[in-house]
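Chemist: Before I ask anything, here is the structure I am working with.
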2 protein chains.
Amino acid sequence: MDTAPVDLLSVGEVARRAGIATSAVRFYEDQGLISSERTTGNQRRYRRHVLRRISLILVAKRLGIPLSEVAEVFTGLPEDRMPGKHDWDRISRRWAEQLRARRAELERLEAELTGCIGCGCVSLRRCRVLNPGDELAAEGPGPRRLLPGTAGEASAAGGAGGAAGA
Amino acid sequence: MDTAPVDLLSVGEVARRAGIATSAVRFYEDQGLISSERTTGNQRRYRRHVLRRISLILVAKRLGIPLSEVAEVFTGLPEDRMPGKHDWDRISRRWAEQLRARRAELERLEAELTGCIGCGCVSLRRCRVLNPGDELAAEGPGPRRLLPGTAGEASAAGGAGGAAGA
DNA sequence: CTTGATCTTCAACAGGACTTGAAGTCGAGG
DNA sequence: CCTCGACTTCAAGTCCTGTTGAAGATCAAG
C-alpha cells in the first residue's frame with residue numbers, strides 16, 4: 001500500500017513531527033529501531049510509519065522501559081507496514097505488566113518506609129529498614145537483606161521517575 | 001562525646017561492615033556524603049557513625065533516590081554525632097513522599113496503558129497514549145502532551161530505567 | 001627488618017540515551 | 001551560480017554510580 005513516493009520524510013521532518021531532536025532520530029536508526037532509505041545524495045528518507053514506531057519508543061521512554069526492550073518487541077513487527085492494533089495490543093499488555101511489577105515494588109518499599117516512620121525503632125537500632133550493620137555486622141555483609149538480588153536495578157529511575165530532565 | 005580513639009575504622013573495615021566495596025566508601029567520601037580523618041600515614045580513619053550514614057545512603061539507593069538528594073538531606077545533619085530519631089523521621093518522611101509521587105505517576109501510566117488495551121482506539125489514530133503526532137502534528141511538536149513539562153528529564157537514568165534492570 | 005595485606009591517588013571504563021561539535025555535502029530558492 | 005539551511009559522518013561529551021587497574025606507600029605481624 002505504499003503508493004506515492006511523496007510520503008517520504010527527511011530526518012528533520014520526522015524529528016519535528018515526532019517532537020524530538022534530529023540526533024535522536026538518527027540515534028534510533030543506529031540502534032535499529034527505525035529504518036530509512038537514502039536519496040541519491042545519501043540523505044535519509046523515512047516512510048510515514050516510522051512516526052508510529054517513534055511514538056511507541058516515546059511511550060516506552062515515559063514508562064521507563066529501556067530501548068533494548070523496545071528493540072525486542074519491535075522484532076515482531078513487520079518492517080514494511082504500519083504496526084496494527086494487534087501489535088499494539090501485544091506490546092501494551094507486555095509493558096503494562098512490567099509497569100505493574102515496578103509499581104508493586106515501589107509499594108512495598110513505600111509501605112516499609114512509612115511503616116518505619118511511626119514504628120518502634122526508636123533508637124534506630126535493629127530497624128528493618130535502616131539495619132545499621134554495626135551491631136548486626138556479624139550476620140554477614142551489609143544491609144542488602146531487603147532487596148535480594150536485584151539491587152543494581154533501581155538506579156536512576158531518574159529518568160524514569162520521569163523526573164528529571166535532560 | 002567522642003571519647004575513645006579506638007572507635008576509628010579503616011576504609012576496609014567500614015566497607016566490610018557496611019557490606020559495600022572500599023571503592024564505594026571512597027566514592028561516597030569524594031561526594032562529600034561521609035568524612036574521615038587521616039592517620040600520619042595518610043590513611044583514612046572513619047568514626048562509627050559513618051556506618052549509619054552509609055545505611056541511609058543504601059536505603060536511598062534501594063528507593064531509587066539519587067545521591068544528590070541524599071547529599072541534600074545530609075546537609076541538615078550534624079557532622080560530629082550520630083543522626084538521631086528526629087533526623088531519620090524527617091528524612092524518611094521526605095523520601096516516603098517522593099516514593100508516593102513516583103508510585104502515583106506509575107499508576108497513572110498504568111491506568112492509561114491498560115485502559116488503552118481494551119479501549120476504542122481501534123485504528124490507533126487519535127489514541128491518547130500513542131498520539132501519533134502525524135495527523136495531529138499541527139498542534140505543535142510531538143507526543144509530549146501527557147507529561148507536561150518534564151518530558152526531557154528522563155534522560156538517562158540509566159539506572160532509571162529503574163526498572164528494568166541493569 | 002621483611003613480608004604481605006591493606007592502604008593511597010588518579011585515570012579510565014561501563015552502560016543507557018542521547019547531545020554536541022567539527023568538517024564537509026546536498027537541495028531549493030533567487 | 002550562489003547561498004543558506006538542512007543534511008552527512010564520526011568522535012567525543014554528558015549524567016550517574018560506581019568499579020577496575022596501575023604504581024606506589026603504609027601498617028601490623030613475625
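The values are calculated or read from the model by the stated rules, or taken from the named source; none is laboratory data. Here the structure is a predicted model, which is why all the values come from computation and not from measurement. Every residue, glycine among them, receives a Cβ derived from its backbone with ideal geometry; neighbour counts consider all protein chains shown.
Chemist: If B:Ala71 passes every condition in (1) within 9 Å of DNA strand D (Cβ to nearest atom); (2) under 17 Å from B:Ser10 (Cβ atoms) but one, which one does it miss?
Modeler: Status for B:Ala71: all satisfied but (2).
Chemist: List the helices (runs of 4 or more DSSP H) inside the range A:1-114, counting only whole elements, that have at least 1 residues being at pLDDT below 90, within 14 Å of chain B (Cβ to nearest Cβ) and in contact with a Pro (Cβ under 8 Å, 6 or more places away or on another chain). I'd like the intermediate steps shown before the answer.
Modeler: Values: elements: A:11-18, A:22-30, A:49-63, A:67-74.
Hits in the range A:1-114: A:49-63.
Chemist: Something else about it: Assuming A:Asn42 fulfils every condition listed in (1) near DNA strand D (Cβ under 9 Å from one of its atoms); (2) under 20 Å from A:Ser92 (Cα atoms) apart from one, which condition is it?
Modeler: The one condition A:Asn42 does not meet is (2).
Chemist: Might you let me know whether the range B:50-63 holds any residue that is hydroxyl-bearing (Ser, Thr, Tyr) and crowded, with 19+ Cβ neighbours inside 10 Å?
Modeler: Yes, there is a match, as at least one residue in the range B:50-63 is hydroxyl-bearing (Ser, Thr, Tyr) and crowded, with 19+ Cβ neighbours inside 10 Å.
Chemist: Being among the charged types (D, E, K, R) and surrounded by fewer than 16 Cβ atoms within 10 Å (Cβ to Cβ) is the filter here; which residues of the range B:7-25 pass it? Don't jump to the end; show me each part of the working.
Modeler: Kept after step one, since they are among the charged types (D, E, K, R), are these residues of the range B:7-25: B:7, B:13, B:16-17.
B:Asp7, the sole residue that qualifies.
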